[in-house]
Amino acid sequence: MLEPKVITSLTNDRIKAIKALDMRKVRKETGLFIAEGVSLLVTARQHGHMPETLIYQAGAAEGAIQKGLIASALKAGAEVLEVSQAVLAKLASKDNPQTMLGVFRQTFAPPPVPAQVKPTATWLALEEVRDPGNLGTIVRTADATGVAGIILVGTCCDPFSIEAVRATMGSIFAVPLVKLSQDAFLDLIGAWPGDVAGTHLKASEDFRTAALRAPQLVVMGGEGPGLSTTVAEACSRLVKIPMAGDLDSLNLAIATALVLYQIRGPHLHL
Ligand SMILES: C[S@@+](CC[C@H](N)C(=O)[O-])C[C@H]1O[C@@H](n2cnc3c(N)ncnc32)[C@H](O)[C@@H]1O
């Protein structure tokens, strides 16, 4: 079994390369991302995801869980780096300091094949979502409600940014993510075997009473523009979340949670 490598220099090339994963461009080029904290690393392992590199602060990984993470990474042949506090501080988020982090390979799933979608499944599509905190929260909610997968339509924010990954609380390792252009998504909608429910502020159907035909494909619009007209017109149903106050709309992640809990209610358990 390999041994952890000790690094104390802030200018070490490996440390600089890992730090560079803060940048979307570098995440795109390398296909890697960072997940911070023991809890996310444990969730990753539960879902069969091993880090390519595990980094921990010297002297701060003495607990059984931390030792187990280090042992399983070494056994799997991952690079394991024991670093000084200063090096870890350079790598970890300033607002969420952690003593352990992992570098993982990004994975995107293939799009669902309409004829093979399970009759009880619910898929979620997000068109041009821009806020990583919203995206991460939605991934977590999709996990909680047993959604089969999330389709990112068009130009979305990066689900593998530190902020998005942190907001998923580990669900990034559990929920399949698919990327599609708007054209490819329209093709998918055209072949979808159940209802394609667009959520829209101009809809006249209440989402609470809309009996959506399974398997459902729920489509949410972006924070700024909402659903594009092209996608809205392709949906088989448009539903609205009624609101009492004099406000324009709900936050995207909140709206998604309300709709998913309504649809997935019969599949959830305490
Ligand atoms: C912040 S809203 C976008 C508001 C945008 N100005 C518009 O006109 O659609 C982001 C997304 O959340 C969902 N949403 C928010 N509030 C909603 C509501 N009351 N009814 C249905 N969908 C809602 C929709 O999917 C919407 O596209």
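The values are calculated or read from the model by the stated rules, or taken from the named source; none is laboratory data. Please read all numbers here as calculations on a predicted model, not as lab measurements. All Cβ positions, even for glycine, are placed from backbone atoms using ideal geometry, and neighbour counts span all protein chains on display. Just the protein is used for accessible areas: all its heavy atoms, side chains included, with ligands, DNA and RNA removed. Shrake-Rupley method; radii C 1.70, N 1.55, O 1.52, S 1.80 Å.
If I filter the stretch 153-172 for residues that are farther than 28 Å from residue 91 by Cα, more than 8 Å from the chain's Cα centre (by Cα) and buried (at least 22 other Cβ atoms within 10 Å of the Cβ), do I get at least one hit? Scanning the stretch 153-172 turns up at least one residue that is farther than 28 Å from residue 91 by Cα, more than 8 Å from the chain's Cα centre (by Cα) and buried (at least 22 other Cβ atoms within 10 Å of the Cβ).
Number of residues in the stretch 239-270 that are more than 21 Å from residue 121 (Cβ to Cβ), of a type outside the set (S, T, N, Q) and open to solvent by 50 Å² or more (accessible area, probe 1.4 Å) equals 10.
Flag not set for residue 109, criterion: over 30 Å from residue 216 (Cβ atoms) and among the hydrophobic types (A, V, I, L, M, F, W, C). Just one of the listed residues (180, 188) is open to solvent by 20 Å² or more (accessible area, probe 1.4 Å), more than 14 Å from the ligand (Cβ to nearest atom) and not charged (D, E, K, R), namely 180. Cβ-Cβ distances below 8 Å connect the following pairs, each with a first residue in the stretch 188-215 that is closer than 18 Å to residue 261 by Cβ, a second residue that is aromatic (Phe, Trp, Tyr) and outside any loop (DSSP other than H, G, I, E, B), and a separation of six or more residues or different chains: 215/123. If you go through the stretch 262-270 one residue at a time, do you hit one that is within 11 Å of the ligand (Cβ to nearest atom), within 26 Å of residue 111 (Cβ to Cβ) and part of a loop (DSSP other than H, G, I, E, B)? The answer is no; no qualifying residue exists. Quick one: what pairs do we get from the stretch 237-254, first residue without any contact (Cβ under 8 Å) to a residue 60 or more places away in the chain and among the β-branched types (Val, Ile, Thr), second near the ligand (Cβ under 6 Å from one of its atoms) and in a loop (DSSP other than H, G, I, E, B), C-beta under 7 Å, 6+ apart or different chains? Here the result reads 241/250, each pair linking the stretch 237-254 to a residue that is near the ligand (Cβ under 6 Å from one of its atoms) and in a loop (DSSP other than H, G, I, E, B). Across the stretch 1-15, the qualifying residues are those that are among the charged types (D, E, K, R) and open to solvent by 100 Å² or more (accessible area, probe 1.4 Å), and the one among them that is nearest to residue 58 (Cα to Cα) is 5.
Got at least one residue in the stretch 225-234 being more than 18 Å from residue 119 (Cβ to Cβ), within 7 Å of the ligand (Cβ to nearest atom), in contact (Cβ under 8 Å) with a residue 24 or more places away in the chain and in a loop (DSSP other than H, G, I, E, B)? Checked against the condition, which is being more than 18 Å from residue 119 (Cβ to Cβ), within 7 Å of the ligand (Cβ to nearest atom), in contact (Cβ under 8 Å) with a residue 24 or more places away in the chain and in a loop (DSSP other than H, G, I, E, B), the stretch 225-234 yields at least one hit. When the stretch 196-224 is limited to residues that are assigned to a strand (DSSP E or B) and within 7 Å of the ligand (Cβ to nearest atom), the one that is nearest to residue 117 (Cα to Cα) turns out to be 220.
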